[in-house]
Amino acid sequence: MKFHMKRFLLAAICIPSLLAQDPAAERYEAPGPISSAELVPASVLSRPLWKIAPLAQTDGVRATYQLSGPRGVELVSGTQSLLLRTRELEAISALERLNKSEEFGKALVKSGADKVESVKEAVKDPAGTIQRLPEGAGRLLGRVATAVKNTAEGKGHPRAGIEAALGVSRKKAELALQLGVSPYTRDPVLQEKLDATARAAAGGALVVNLSGLLVGGGVGTAISVVNVNQTLQNTLIESSPEEMQAQNRATLTALGASSKEVGNFLANSFFTPWQKSIVTNYLKAVGANPGAFLQLAAQASTPEDALSLEQEAALLQNHSESAAAISSLQLKDGFLIARDAKGILATPVAADWLSWTPALAARCEALRAAADADREVAALALITDGLLSAQAHEELAKRNIQVTEQSLGADR
């Protein structure tokens with residue numbers, strides 16, 4: 001069965017079988033504008049680096065914001081994407097100021113140039129580079145050896161693997177974590193500045209101190225690595241993409257997912273290596289067989305899809321830890337449904353503003369089918385990190401649907 005991501009993202013909740021209604025009789029809400037202040041923390045709406053337009057456009061699930069920043073006007077879909085984008089803008093500004101400092105200039109002379117030469121030398125003489133590594137550097141040695149092997153087999157340039165061995169990749173990961181951004185960002189300007197700063201810091205000539213360069217507040221509330229546990233943060237910093245891939249495969253397989261489900265998810269390039277590890281960590285905390293979730297994740301066709309699924313994995317973890325343990329996950333007509341230990345069928349919805357639309361009726365039918373097949377269902381529920389319109393609240397209340405808004409916190 002093919003699960004259509006667009007349908008998945010626009011779906012919301014469903015109706016018990018005994019309350020089924022004629023879809024033609026429904027009065028649906030049309031997409032329209034909403035105040036950005038309803039959805040975005042006040043501290044984020046206007047900063048020296050950007051301004052968010054007063055009105056956002058909603059489609060029944062997502063809000064699209066107009067952000068005026070250093071590069072002109074950008075349209076950003078989704079509150080989480082907006083928060084992450086503003087983090088990137090702050091990170092670029094902080095790195096620009098750091099890179100203009102006298103200390104950074106000296107570091108480039110003392111360490112940066114040497115580091116580039118070290119990489120060049122490693123590319124020219126990989127065997128000699130391996131011999132010069134200190135004893136006990138087994139993990140780094142393995143990465144250099146892998147880079148050399150890949151190059152010999154025509155599988156790519158060794159620079160990335162050798163820079164990992166020389167510590168540049170780790171410094172980049174540490175720096176990205178400090179800034180609350182991803183080292184796999186798709187912003188080329190941020191990538192360039194992360195790389196330059198990491199190379200200068202890897203030789204020890206530059207101690208990166210970002211205090212005073214970043215503005216705190218609501219920007220830090222986006223779903224990102226700053227909100228995951230310390231153990232996972234350490235994994236993200238210390239592990240190569242290949243190592244994370246292997247760890248994720250082992251974890252998801254141990255939870256009961258099939259090799260095909262795991263493989264298709266891990267092969268989806270719209271999830272960054274960090275996102276795959278974060279999602280895997282959420283699913284591990286849930287503990288149920290993640291196969292149904294992975295089938296949906298494999299269908300993600302944009303970075304926004306991937307971020308929404310990361311949010312839904314976070315919603316599942318939060319429900320499992322704060323409400324009731326989740327015993328199973330299933331798909332009905334492409335919609336994800338969780339069953340918890342209290343007999344509640346709950347559907348997680350990554351959303352900004354849920355209004356009563358035809359898409360909600362489609363999910364209603366799916367959840368009704370799930371309820372019909374499970375005679376011990378105690379209740380139905382919708383959990384979301386967003387808010388619901390007044391009409392959506394009214395319609396769900398008529399159907400005895402339990403609703404949890406802003407499940408991940410008021411600022412997320």
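So how far apart, in nm, are the two label points at SER258 and VAL377 if each is 7 Å from Cα heading toward Cβ?
Taking the two extended label points, one gets 2.5 nm.
Below 8 Å between Cα atoms, with a sequence gap of 6+, how large is the relative contact order for segment 284-372 in percent? Let's see the in-between values first.
Values: 88 pairs, mean separation 23.4, N = 89.
Averaging sequence separation for qualifying contacts and normalising by length gives 26 percent for segment 284-372.
Amide H of LYS332 versus every other amide H placed in the peptide plane: which residues, excluding those fewer than 5 positions away on the same chain, fall under 5 Å?
Here ILE337 satisfy the definition.
Compute the length gained on full extension between TYR28 and GLN66: take 0.36 nm times their separation in residues and subtract their Cα-Cα distance, giving the result in nm to one decimal. Before the final figure, lay out each step's value.
Details: separation 38, 0.36 × 38 = 13.68 nm, distance 2.60 nm.
Stretched fully, the TYR28-GLN66 segment lengthens by 11.1 nm.
Expressed as a rounded percentage, what relative contact order does segment 345-394 have, with Cα pairs under 8 Å and six or more residues apart?
Dividing the mean separation by the residue count of segment 345-394 yields 67 percent.
Rounded to whole Hz and in sequence order, give me ³J(HN,Hα) for segment 310-323 from the Karplus expression 6.51 cos²θ - 1.76 cosθ + 1.60, θ = phi - 60°, writing x for Gly and Pro.
My calculation for segment 310-323 gives 4, 4, 5, 5, 5, 5, 4, 4, 4, 5, 4, 8, 10, 10 Hz in order.
Whole-Hz Karplus ³J(HN,Hα) for segment 361-378, in order, using 6.51 cos²θ - 1.76 cosθ + 1.60 and θ = phi - 60°, x for Gly and Pro?
5, 5, 6, 4, 5, 5, 5, 4, 4, 5, 5, 5, 7, 10, 6, 9, 5, 8
On a full-extension model of 0.36 nm per residue, what is the gain between GLN391 and SER43, subtracting their alpha-carbon distance, rounded to one decimal in nm?
On the way: separation 348, 0.36 × 348 = 125.28 nm, distance 2.87 nm.
So the chain would gain 122.4 nm between GLN391 and SER43.
Between LYS100 and ASN400, take the C-beta separation as r, use R0 = 56 Å, and let me know the FRET efficiency to the nearest 0.05.
0.40
Here, each number is a calculation from the coordinates, and none is a lab measurement. Because the structure is predicted, anything quoted here is derived from the model rather than measured. Cβ: placed from backbone, ideal geometry, glycine included. Neighbour counts: every protein chain shown.
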